[in-house]
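Structure record follows, encoded as structure tokens.
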Amino acid sequence: MGMDSWPSPPLPALPAPTSPEPLKLFDSASQQLRVAGPQLPDPDNPARMYVCGITPYDAAHLGHIATYLTFDLVQRYWRDAGHTVRYVQNVTDIDDPLLKRANRDNEDWAQLAHRETRRFAADMAALSVIPPESYIGVVESMSDVVETVDKLLADGAAYRVPDGTNDIYFDLASAPDFGYESGLDETQMLALFTERGGDPNRDGKRGPLDPLLWRGARVGEPSWPSPMGPGRPGWHIECSVIAVKHLGMQIHVQGGGEDLLFPHHEMSAAHAEVAADAAPFARTYVHAGLVGWEGEKMSKSKGNLVFASRLISDGNDPSAVRLALFGRHYRGYREWESKDLALAEQRLNRWRAAAASPAVDSVAVAPLLAELRSRLADDLDTPGALRAVDLWADAVMVALIPGDTSEPQPSMVAASAIDALLGVR
Ligand code: ZN
């Protein structure tokens with residue numbers, strides 16, 4: 001089971017850390033830094049991460065890229081620390097936005113989903129993102145989703161609205177811990193639920209925030225058979241089912257962009273916990289901040305998107321794109337400016353010159369490696385990590401004796417460290 005993802009970038013081996021620092025990440029639920037991943041590397045206890053994938057109806061923009069690069073650093077850090085990593089990402093290959101776009105363009109929805117999924121994979125490969133171990137579509141997971149919705153209905157945690165549509169909603173009254181992930185109050189929840197596609201005022205719902213689990217078949221929409229009647233799933237239950245099926249409960253990291261925290265991640269966790277009668281869904285809920293462009297959040301509705309594929313086809317070095325985003329911390333709001341890319345190119349050229357310099361071996365690399373690891377372990381402090389490489393590159397360039405034309409014999413350790421940990425080469 002699973003879709004084709006994309007080829008893995010080369011991952012250079014590094015001298016193993018003598019005592020790896022545990023990775024600490026900011027957990028949205030407890031609002032504090034928490035150790036993310038198993039205490040010690042153990043092949044029988046892999047580090048398990050689920051990151052929400054794309055809804056493939058348009059090209060990925062920098063906001064998406066920033067999120068997937070963030071969790072790429074998590075995977076890279078875990079691997080370097082010796083963990084076995086189980087990383088699952090989904091593809092929401094059936095949902096309202098996809099059908100809407102397919103209708104608008106008079107295109108087959110499945111064909112649109114396939115094309116955009118491949119385009120996203122090409123972006124990820126170009127940006128040296130390590131692929132998830134399992135890349136799972138919703139359509140191929142339909143029988144699992146149906147089974148869970150059917151169970152929730154049988155358990156009394158879900159109900160049909162009595163209007164003949166056969167739409168099924170999740171009863172949030174069955175989830176006593178609901179709200180623990182976002183920590184929002186009822187008013188804030190209602191506002192976000194409404195803004196992000198929810199239907200608080202629909203007749204027949206028991207609670208205004210109850211989310212849709214199963215949408216009964218409509219004329220002109222694809223549907224799948226089920227004991228509840230034909231239809232298709234709501235968004236939150238898809239991620240919930242795919243994550244639990246492939247990773248189990250108490251996963252180490254559930255990740256995504258900040259705009260997924262509520263309602264999407266909160267609802268996914270509630271679905272999983274009620275269906276499994278166990279908690280928590282995840283031990284750490286990690287959210288990447290949004291990316292802005294000229295003072296505004298990047299979004300389709302504002303039409304101010306910077307597409308990854310465009311940046312790359314315009315001839316920008318993918319390593320520079322990574323560096324430009326890593327120049328600011330993943331949790332903050334990152335304003336993208338054209339000059340970021342030019343500055344990142346300069347930085348990249350300086351690092352490459354240092355790595356190829358005849359003086360590269362005159363500067364000890366162990367402190368650089370230790371500092372890189374230490375900065376990343378501290379909630380992915382990429383600005384700190386980049387400064388550490390800057391200092392190392394400065395030291396190499398100072399050590400370079402003018403006029404020395406001897407052949408460089410780089411140990412490659414510095415370049416390998418930057419590549420393995422940051423995906424920059
Ligand atoms: Zn999701």
### Query
How about segment 67-155: which helices (runs of 4 or more DSSP H) wholly inside it have at least 1 residues that are farther than 22 Å from VAL253 by Cβ and within 20 Å of the chain's Cα centre (by Cα)?
96-104, 109-126
### Set VAL219, VAL253: member being over 21 Å from ASP144 (Cβ atoms), among the aliphatic types (A, V, I, L, M) and more than 28 Å from the chain's Cα centre (by Cα)
VAL219
### Task
Starting from segment 83-108, keep only residues that are in the same structural domain as GLY256 (by TED's automatic domain parsing), then list their pairs with residues that are of a type in the set (Phe, Trp, Tyr) and more than 14 Å from the ligand (Cβ to nearest atom) whose Cβ atoms are within a distance under 6 Å, requiring at least 6 positions of separation or different chains.
VAL85/TRP78; PRO97/TYR57; LEU98/TYR57; LEU98/TRP109; LEU99/TRP109; ARG101/TYR57; ALA102/TRP109
### Query
For segment 359-374, does any single residue satisfy the condition of being touching a helix residue (DSSP H, G or I) at 6+ places or on another chain (Cβ under 9 Å), closer than 21 Å to LEU69 by Cβ, of a type in the set (Val, Ile, Thr) and part of a helix (DSSP H, G or I)?
no
## Note on the structure
Reported set for segment 279-319 where residues are part of a loop (DSSP other than H, G, I, E, B) and over 20 Å from GLY332 (Cα atoms) is ALA279, PRO280, PHE281, ARG283, LYS300, SER301, LYS302, GLY303, ASP314, GLY315, ASN316, ASP317
## Note on the structure
Among ALA59, ALA113, ALA125, the single one that is of a type outside the set (D, E, K, R), away from the ligand (no atom under 16 Å from the Cβ) and at pLDDT 95 or above is ALA125
### Every residue from segment 156-180 that is closer than 13 Å to HIS271 by Cβ and assigned to a loop (DSSP other than H, G, I, E, B)
ALA157, ASP171, ALA175, ASP177, PHE178
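To keep it simple, each residue is scored yes or no on (1) closer than 19 Å to TYR87 by Cα; (2) in the same structural domain as ALA191 (by TED's automatic domain parsing); (3) out of contact with any Cys (no Cβ under 6 Å at 6 or more places or on another chain); (4) within 13 Å of the ligand (Cβ to nearest atom).
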position	(1), (2), (3), (4)
MET228	no, yes, yes, no
GLU238	yes, yes, yes, yes
LYS245	yes, yes, yes, no
ILE251	yes, yes, yes, yes
GLY255	yes, yes, yes, yes
ASP259	no, yes, yes, yes
SER268	yes, yes, no, yes
ALA276	no, yes, yes, no
### Query
Are any residues in segment 327-349 closer than 25 Å to ASP58 by Cβ and assigned to a helix (DSSP H, G or I), and if so, which ones?
SER338, ASP340, LEU341
### Condition met for ILE130 (within 16 Å of the ligand (Cβ to nearest atom) and either at positive phi or touching a Lys or Arg at 6+ places or on another chain (Cβ under 9 Å) (or both))
no
### Summary
Here the residues within segment 30-54 that are more than 16 Å from the ligand (Cβ to nearest atom) and crowded, with 22+ Cβ neighbours inside 10 Å are ALA36, GLY37, ALA47
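Table: residues versus (1) on the phi < 0 side of the Ramachandran plot; (2) assigned by TED's automatic domain parsing to the domain that holds LEU260; (3) not hydrophobic (A, V, I, L, M, F, W, C).
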site: ASP4; (1), (2), (3): yes, no, yes
site: LEU11; (1), (2), (3): yes, no, no
site: LEU14; (1), (2), (3): yes, no, no
site: LEU33; (1), (2), (3): yes, yes, no
site: PRO38; (1), (2), (3): yes, yes, yes
site: PRO41; (1), (2), (3): yes, yes, yes
site: ALA47; (1), (2), (3): yes, yes, no
site: VAL51; (1), (2), (3): yes, yes, no
site: PRO56; (1), (2), (3): yes, yes, yes
### Selected residue [touching a strand residue (DSSP E or B) at 6+ places or on another chain (Cβ under 6 Å) and over 21 Å from MET3 (Cα atoms)] from PRO211, PRO230
PRO211
### Query
Does ALA122 satisfy the criteria of being surrounded by fewer than 16 Cβ atoms within 10 Å (Cβ to Cβ) and out of contact with any Leu (no Cβ under 6 Å at 6 or more places or on another chain)?
yes
### Message
Against the definition (away from the ligand (no atom under 16 Å from the Cβ), surrounded by 20 or more Cβ atoms within 10 Å (Cβ to Cβ) and either charged (D, E, K, R) or under 18 Å from the mean Cα position of the chain (by Cα) (or both)), how does VAL291 come out, yes or no?
### Response
yes
### Message
Here is a list: GLY198, GLY183. Which entry is assigned to a loop (DSSP other than H, G, I, E, B) and surrounded by fewer than 18 Cβ atoms within 10 Å (Cβ to Cβ)?
### Response
GLY183
### Query
If the Cβ limit is 7 Å and pairs must be 6+ apart or interchain, which residue in segment 30-55 that is farther than 23 Å from ILE242 by Cβ pairs with which residue that is of a type in the set (Ser, Thr, Tyr)?
ARG34/THR284; PRO43/THR84
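The values are calculated or read from the model by the stated rules, or taken from the named source; none is laboratory data. Predicted model only: the values in this text are computed from it and were never measured. Note: ideal-geometry Cβ built from the backbone for every residue, glycine included; neighbour counts use all protein chains shown.
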